[in-house]
Each structure stands twice: as C-alpha cells, then as structure tokens.
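Have a look at the structure below before the remarks.
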Amino acid sequence: MSIYEVHDPRFRALIQTSARLEVLGTGLRWAEGPVWFPAHQALYFSDIPNDRMMRWTEGTGLSVFRAPAGYTNGHTRDREGRLVSCSHGTRSVQRTEHDGTVTTLAASHGGRRLNSPNDVVVARDGAVWFSDPTYGILSDYEGYEAPPEQDTTAVYRIPPGGGEPERVITGFAQPNGLAFSPDGRRLYVAESGSSHDPDVPPVLRVFDVEGGRVGPGRDFARVEPGPPDGLRVDAKGHVWCSAADGVQVFHPDGMLLGRIRVPETVANLCFGGLRGNRLFITATTSLYAVFVNALAPD
Ligand code: MG
C-alpha cells in the first residue's frame, strides 16, 4: 500500500512516488526536535524521556550525541550555524557555541521561570522565537514536575543580539511547533492542547509578522488526526506538519494537499540530507526518512 495519500493533484509535484519510507533507527522513547547540520552532514534530535540527544549520519547511523541533555526538545540552527535548543530540564532556550560551550538565551520572563520551552525557530533578523507550553513540567517523564510560574503559555521572541524574551503570542492552550514562511512575513504556530483536552481544536494558526511585531492570528488549517506538533515550511511555502497518522502537507492557502503515512505518531520533522530534499521524521520510537520534491527555505 502506498504511503502517499493525494488529496489535491498539486501534491504529486511535491513527492517522489517511488521513494519509500526508510527506518533509520529505533529504540527511542519519544523522538522530537530534528535539525540538520549541512556542515556535519548529520541530523541531531532529542529522545526526551531518555534525557539524551541523538545523532544520525549516513555513514555511522544512529548514536548518542549528548546524555544527559537537560531533557531537550526542539532544536534549530541559527544564522551562524550554531545549535539552538529548547530544554525542559533547565526550562530554558540554549545555544551551543562553535567551541561546544552552552549559553543560556532565555530562562525567565518578568522575573519568573519559563514553563518548558518546546520548539524554536530563528527569524531572518536573528531573533529567536520559541513556544512555551507546560508539557515539560506536567510530570517527571519529560522533565521535572513543577507548578508553572508564568500566568499563561505563550510564544516568545528574543530580540536580535539577546535580552529579555518578549511575550508575543498568547491565547493558545499549548503552543507547540512554529515556522516562518520563506519571506519571513508569516508565522505558523501549532496548537497541540488537544493532547490533554479534547475540547481544544487541533489547528495550525498563522500570524502576520512585520519588523518583529505580530498581527492578530487566524486559523490556517485543522490537523486530523491531531494534535499537530512540529512543522516545517519548504522553500515554496508549503507547510509540512506532524500528525498522529504521519505528515500532512498544506498549500500556503491552507488546503490539505496530501499525507505521507507513518506507522507511528509523528512529533516533528525537518528537511536535510546531501541535497536538502530528504524529509527526516521523528515519530515516537523511531527515526524515519523519505526523499521528497521539496527543499528547506535556506
Ligand atoms: Mg514539539
């Protein structure tokens, strides 16, 4: 049976129908936060309940990169090629410098600790945007159980050059994955609150962004079966989003183009590989990959 489910004929231009879904590694507990480093030809990601970061390369396969890892979750690369990570354990956003030392970019807002930064993206101007739901403090499974100190969940922006994170988006139950459109003028944010509350709609919301300021949000797409978690936008603006049944691909107009079925619940994904056209998928206990006809925006 094909892994591809075509909802709109335009989906065919985005997939390689002969490409199969490959299992690159398994034995994980909850795989999240993949990021590709072209300079290393390596993928890094989190295995959150095992408190470790993993590394995968074509030649060496899967190995442990860092353990303990501060219960990291989402990762990204900044404009200077450095690793930027969300850490449930330290309730902070951290940057790994080129010499391997770790710098804390944000750990509090208004003098109170963050909840548990979940996913992160760097804007064109170098500002670091991250989501701060409560998953990492709800129990001891993915961090350390603790009462929230913030009065809400939120998306924050650390200004270019650093400083106190500004609270830029509220109104979500649990804001999760986030990604900019290729021109940087739209920000997509996943609402994953249906993980704990079935009354929360499993949606992606989109916000207009101008000069670091955010306009009012609107629903972009419903992701079913949800909830949506991590997402990426390709170079042409298509939105590739995690779902309980695999990866769902949306046109910038919000239309569902198609799905790539994955046998485990998908938490997150990213583009990478030698040509940038390989989709890496972190899905519960396994790391998967499939070649596609799409590229990361950079
Ligand atoms: Mg996430």
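The values are calculated or read from the model by the stated rules, or taken from the named source; none is laboratory data. From a predicted model like this one, the values you see are computed outputs, not experimental measurements. Methodologically, a virtual Cβ is constructed for each residue, glycine included, from the backbone with ideal geometry; neighbour enumeration extends over all protein chains shown. Surface accessibility is based on the protein's heavy atoms, side chains included, excluding ligands, DNA and RNA. Shrake-Rupley method; radii C 1.70, N 1.55, O 1.52, S 1.80 Å.
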Apart from one, (1) open to solvent by 10 Å² or more (accessible area, probe 1.4 Å); (2) part of a strand (DSSP E or B) all hold for P182; the odd one out is (2)
The stretch 65-75, subset out of contact with any His (no Cβ under 9 Å at 6 or more places or on another chain) and in a loop (DSSP other than H, G, I, E, B), residue most open to solvent (accessible area, probe 1.4 Å): P68
Starting from the stretch 137-151, keep only residues that are open to solvent by 100 Å² or more (accessible area, probe 1.4 Å), then list their pairs with residues that are part of a loop (DSSP other than H, G, I, E, B) whose Cβ atoms are within a distance under 7 Å, requiring at least 6 positions of separation or different chains. Y144/G89; E145/L138; E145/S139
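Among what's in the stretch 1-28 and is away from the ligand (no atom under 16 Å from the Cβ) and under 16 Å from V64 (Cβ atoms), pick the residue that is least open to solvent (accessible area, probe 1.4 Å). Let's see the steps before the verdict.
Residues of the stretch 1-28 that are away from the ligand (no atom under 16 Å from the Cβ), as a first pass: 1-27.
Cutting the leftovers down to under 16 Å from V64 (Cβ atoms) gives us 24-27.
Numbers: L24: 33, G25: 13, T26: 90, G27: 56 Å².
Here the answer is G25.
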Taking the stretch 267-288 and the residues there that are within 15 Å of the ligand (Cβ to nearest atom) and touching an Asp or Glu at 6+ places or on another chain (Cβ under 7 Å), the one that is most open to solvent (accessible area, probe 1.4 Å) would be T284
What's the number of the only condition in (1) free of Cβ contacts under 8 Å to residues at least 24 places away in the same chain; (2) of a type in the set (D, E); (3) within 16 Å of the ligand (Cβ to nearest atom) that D132 fails to meet? (1)
Read through the list (1) acidic (D, E); (2) in contact with a strand residue (DSSP E or B) (Cβ under 6 Å, 6 or more places away or on another chain); (3) buried (at least 18 other Cβ atoms within 10 Å of the Cβ), then give the number of the only condition that D78 fails. (3)
Pull up the stretch 29-44, narrow it to residues that are touching a Pro at 6+ places or on another chain (Cβ under 8 Å) and not aromatic (F, W, Y), then point me to the one that is surrounded by the fewest Cβ atoms within 10 Å (Cβ to Cβ). R29
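Kindly evaluate P201 against the criterion of being at pLDDT below 95, over 18 Å from H109 (Cβ atoms), surrounded by fewer than 23 Cβ atoms within 10 Å (Cβ to Cβ) and away from the ligand (no atom under 16 Å from the Cβ).
Here the answer is no, as P201 does not meet what is asked.
When residues of the stretch 135-159 are filtered for being of a type in the set (A, V, I, L, M), away from the ligand (no atom under 16 Å from the Cβ) and part of a loop (DSSP other than H, G, I, E, B), how many remain?
Step one: of the stretch 135-159, the residues of a type in the set (A, V, I, L, M) are 137-138, 146, 154-155, 158.
Adding the requirement that they be away from the ligand (no atom under 16 Å from the Cβ) leaves 146, 158.
Keeping just the survivors that are part of a loop (DSSP other than H, G, I, E, B) gives 146.
The number of residues fulfilling the criteria is 1.
Please determine, by comparing only the residues of the stretch 29-38 that are within 16 Å of the ligand (Cβ to nearest atom) and either part of a loop (DSSP other than H, G, I, E, B) or farther than 17 Å from F280 by Cβ (or both), which one is farthest from the chain's Cα centre (by Cα).
Filtering the stretch 29-38 for residues within 16 Å of the ligand (Cβ to nearest atom) gives 29-35.
With either part of a loop (DSSP other than H, G, I, E, B) or farther than 17 Å from F280 by Cβ (or both) added as a condition, the list becomes 29-30.
Details: R29: 17, W30: 13 Å.
Ranking the qualifying residues of the stretch 29-38, first place goes to R29.
Hey, can you tell me all the residues within the stretch 81-129 that are polar (S, T, N, Q), open to solvent by less than 40 Å² (accessible area, probe 1.4 Å) and outside any loop (DSSP other than H, G, I, E, B)? I'd like the intermediate steps shown before the answer.
Pass one, the stretch 81-129, residues polar (S, T, N, Q): 85, 87, 90, 92, 94, 96, 101, 103-104, 108, 115-116, 118.
Okay, now just the ones that are also open to solvent by less than 40 Å² (accessible area, probe 1.4 Å), so 85, 87, 92, 94, 96, 115-116, 118.
Selection gives S85, S87, S92, Q94, T96.
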